Every structure is written in structure tokens, then in C-alpha cells.
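Chemist: So that we are looking at the same thing, I have put the structure below in C-alpha cells.
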Amino acid sequence: MNAETRADWRDQIFDVLQAHDIRQVYHVPDAGHSRLIEHCQRSNSIRTVPLTTEEEGIALAAGAWLGGQRSVLLMQSSGVGNTINLMGLTKTLRFPFLTLITMRGDWGEFNSWQYPMGQGTPKVLEAMGVLLYSVDKADDVKATVDAAARAAFNGGQAVAVLLRQKLIGIKDFGKK
Amino acid sequence: MNKATLQRRPLVKKILEGANENLLVIAGLGSSNWDITEAGDRPLNMPLWGAMGAPVGMGLGLAMAQPAKRVLVITGDGDMLMSLGSLATVATQQLENLAIVVLDNEKFGETGNQATHTSPRNNGPTDSGAGTDLALIAKGCGIADASVVRDAGEVPQLVNDVRFKKGPVFRVVKVMVEKLEFVMPPQDGAHLKDRFRQALLGHP
């Protein structure tokens, strides 16, 4: 598959991660990210690590950076709350950090239990000093993730890309 | 009730003896931080002043990035209890260059020596734990080489295992409760990170 001809935004994210030399990818199981995770698992240049809880991803990212590698944490908005305490590490160590977050409790969500953390996600990330990029159109995904990666790894920032539920789709959950 | 006879400071000094550019050390907040610093502050030490629960994950990320170096995580029982799941995550990668040492005094030292879950059960109204066996947990998570060290006679083997044996290696060392002097490394996290990367990679 040629990178220039990829139409699906999830495939485009994988291309952007490769272009930015991301070598470690951390994730929890996630329907929204599943196709991207499988791309990463099949890649020879990326080490893919399943986590038991999202906060492990912050510690792993810090360790990777200490060792000279770039990483990305893939999670759902429902896991963002788990990361908040350790998110402080991005400030105290001042290391580049990139996370791609699939949103729940956001756009036509059917599950009321997803709303509190989904609606709180931008606020708590901002409270911890994380830069927010938000995308709800498939055509904007590639450029947004690319800009976020530049802000993180060139600009030294902690950056989160919110992949809005409007983009991911309400009916497609559980399907690839 | 803590019947441990090993003292953490001389033990850590032995573990880190002859540390060179091939040994990357991460220490958990509090006592473990002061321990590795008393053994000799060095750029390839990453002593944490906070981030409880992070050392094992940090060691894993570092060990994946630097497969030719030995990565040694030294932390306490309280810190390890906060991130038990990370042992399962470590087990998914089976890295040969990663070793974890838990200095288990069965106390939360930084907050006034309250009993941790590794303290025995039925140990009085304020000092009872659950008798939690961290080595058994590590083994159950999938780290096959996990054990507990209690006696001075086992220390030379312990030192060799955590420095050189094919990982992942997980050791719980039962240590005494002691009141020790704080020996502090630099506190600024960005400085600690930059000096580590400078020494390892040649740039911050």
C-alpha cells in the first residue's frame, strides 16, 4: 500500500507515526484505535506494548525518551483520568509527549457512563498543561497528528490529539 | 514485626559497585532515591523525587530503547504496590536487559513508617498488612525469574543476578527498618533527564 494513496485516516495516522520515527507505541484495547494498533503490531520498526492501565504509558514514554526513542500513547477518553497524576512527569522532566485520544461521551454517545470522563477530558488535560489538538473531519486527521507530533518532538511539549466521536462515528464501534 | 537483617544502604552500594556506562539505574522516590545517591550520584542514575508508581514502567521504556545496556530499577515496596499491573506489562516484553529490585521494609517510609500490605497480618492494630508476596505476584504476572532474598549469604548471588543475569529478573529484598540520613541528588527533573541523555546519547 502506497502512503500517498491511503484514504483511511487511521492508515494515515500510522504513516505519520512512521514519518516521525515513533519507535514505541503503548495502548489499551480500543475499538476506535484497533486498526492503527494492528498496523503498529505488524510493523518491524515499532515496538507495541499493551498496558494494564493508561498511566503506565506516561512512565514508559519517559523511559523511552531517556533512552533516545520517541513514543506515542493511544487511549480512549475514558482512560484519561487514570493518567492525570503521572501526566505531571511531562512537566517536571520536561520531555516530549504525544497521546492520541479517541473520544467517548462526546457526540451522540449512547452510554451515559462515558459522559463524565469524556466531557472532563479536555479540562483535566488543560489543567495539567497538555496542549490540545482536536479533529472531527477525516480530511484534517493527517495534518493535525503531524502538527501535534512536531509540537511534541520538535517543540518539546506534551500534546494530546482528541479524535472526536463525530470523526470516529457512532455506529462503527466494534467494527474494523 | 520486621525480622529482616539486611541493611539497604550497604546492599545498594554492593549492587551498584563498579557501575559503568553500561548500567542505567532508575530509583523510586524517597529512600531508594537516597540509597542510590549515597552509593554515588552519577549521570546515568535517574533518581525520582515523585512519580510514585512510575519506576517500573520507566525502566521498561528505557530497556526497550537501549537493548544493549543493563537497566536496573531499584524501588520500595510501597512504590511497587502502587503499580502491580506494570509487572504484567513487563512480562509481555520479556526483556533480557531489565532487572527490578524491590527493597521491602514493609513500611511506607516517607509518611512515617506505616505498615504496607507486605507487612504480616495480625501484627497489631496499627502495624498489620496482608503478608503480600511481591515476588509471587511478579511470577504470577509472567516474570519467571522472581524470588525473595533475606540473608546476607544470598547477597553475592543477588548482585550478580540483578547486574548480569538474563532478564527480566525480579528480586524482593527484605530489609530492616532504619532511620537514615537523607543523601540527596539534584532535584530538578529536567536537569536529571538532560544529564542522563547527555551521558547516554551525547546530547540532551
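Just so you know, all these numbers are worked out from the coordinates, no wet-lab data involved. Only a predicted model underlies this, so the values are computations on that prediction, with no experimental measurement involved. As a convention, Cβ positions derive from the backbone with ideal geometry for all residues, glycine included, and neighbour counts pool all protein chains shown.
Chemist: Under the rule of -39500 (n - 2.57) per DSSP H run of 4 or more residues, summed and divided by the residues of chain B, what mean residue ellipticity at 222 nm is obtained, to the nearest 500 deg cm²/dmol? Walk me through the numbers before you get to the answer.
Modeler: On the way: 8 runs with 73 residues, N = 204.
So the helix-based figure for chain B works out to -10000 deg cm²/dmol.
Chemist: Here's something else I'd like to know. Let me know the mean shielding of B:46-54 by other chains, meaning the per-residue number of their Cβ atoms within 10 Å of its Cβ.
Modeler: Numbers: counts 4, 0, 5, 1, 5, 9, 2, 7, 10.
Counting Cβ atoms of other protein chains within 10 Å of each residue's Cβ and averaging gives 5.
Chemist: What order do you get for B:104-113, A:123-132 when each peptide is scored by the mean count of other beta carbon atoms within 10 Å, highest first? Before the final figure, lay out each step's value.
Modeler: On the way: B:104-113: 18.7, A:123-132: 15.2.
Packing order, densest peptide first, comes out as B:104-113, A:123-132.
Chemist: Would you mind pulling out the separation of the Cα centroids of the range A:36-88 and the range B:99-141, in Å?
Modeler: Using only Cα atoms to place each centre, the spacing works out to 28 Å.
Chemist: Now for a different question. With the contact rule set at Cα under 8 Å and sequence spacing of 6 or more, what percent relative contact order holds for chain B?
Modeler: Relative contact order, chain B: 26 percent.
Chemist: Relative contact order for chain A: what is it in percent, counting Cα pairs under 8 Å that are at least 6 residues apart?
Modeler: Relative contact order for chain A comes out at 23 percent.
Chemist: Same structure, new question: Checking the table B:Lys13/B:Lys107; A:Lys91/B:Lys165; B:Lys14/B:Lys139; B:Lys3/B:Lys165; A:Lys91/B:Lys179 against a 30 Å threshold on Cα-Cα, which pairs fail?
Modeler: Over 30 Å apart, Cα to Cα: A:Lys91/B:Lys165; A:Lys91/B:Lys179.
Chemist: Which of the peptides A:67-79, B:128-140 is most tightly packed, and how do the rest follow, going by the mean number of other Cβ atoms within 10 Å of each residue?
Modeler: Per-residue mean Cβ counts within 10 Å order the peptides as A:67-79, B:128-140.
Chemist: Counting Lys and Arg as +1 and Asp and Glu as -1, each charge on the Cβ, what is the dipole of chain A about the Cα centre in debye, to the nearest 20?
Modeler: Numbers: 19 positive and 18 negative charges, 23 e Å.
For chain A, the charge dipole is close to 120 debye.
Chemist: Here's something else I'd like to know. Could you quote the convex hull projected area for chain B, Cα atoms only and averaged over all directions, in nm²?
Modeler: Average projection, Cα convex hull of chain B: 10.4 nm².
Chemist: Over the whole of B:87-99, what's the average partner chain Cβ count within 10 Å per residue? Rounded to a whole number, please.
Modeler: Values: counts 1, 4, 10, 2, 0, 5, 4, 0, 0, 0, 0, 0, 0.
Neighbouring Cβ atoms belonging to other protein chains average 2 per residue here.
Chemist: Based only on the alpha carbon positions, what is the Kirkwood hydrodynamic radius of the range B:1-58, in angstrom?
Modeler: Numbers: mean 1/r = 0.0821 Å⁻¹.
The answer is 12.2 Å.
Chemist: Neighbour counts of other C-beta atoms within 10 Å: give me B:Val25, B:Val177 arranged from fewest to most.
Modeler: Going from least to most buried by this count: B:Val177, B:Val25.
Chemist: Okay, next question. What is the Cα convex hull volume of the protein assembly as shown when expressed per residue in Å³? Please list the in-between numbers first.
Modeler: On the way: hull volume 53.7 nm³, N = 380.
So the per-residue hull volume is 141 Å³.
Chemist: Among B:Asp77, A:Asp146, B:Asp161, rank each residue by its count of other Cβ atoms within 10 Å, from fewest to most, as a rough exposure measure.
Modeler: So the residues, fewest neighbours to most, are A:Asp146, B:Asp161, B:Asp77.
Chemist: I'd like the mean, over residues of B:77-86, of how many other protein chain beta carbons sit within 10 Å of each residue's own Cβ.
Modeler: Rounded to a whole number, the mean comes out at 2.
Chemist: With only alpha-carbon atoms counted, please give the Rg and Dmax of the range A:3-167, in Å.
Modeler: When restricted to the Cα atoms of the range A:3-167, Rg and Dmax are 14.5, 42 Å.
Chemist: Place a +1 charge on the Cβ of each Lys and Arg in the protein assembly as shown and a -1 charge on the Cβ of each Asp and Glu, then give the dipole magnitude about the Cα centre in debye, rounded to the nearest 20.
Modeler: Rounded to the nearest 20 debye, it is 400 debye.
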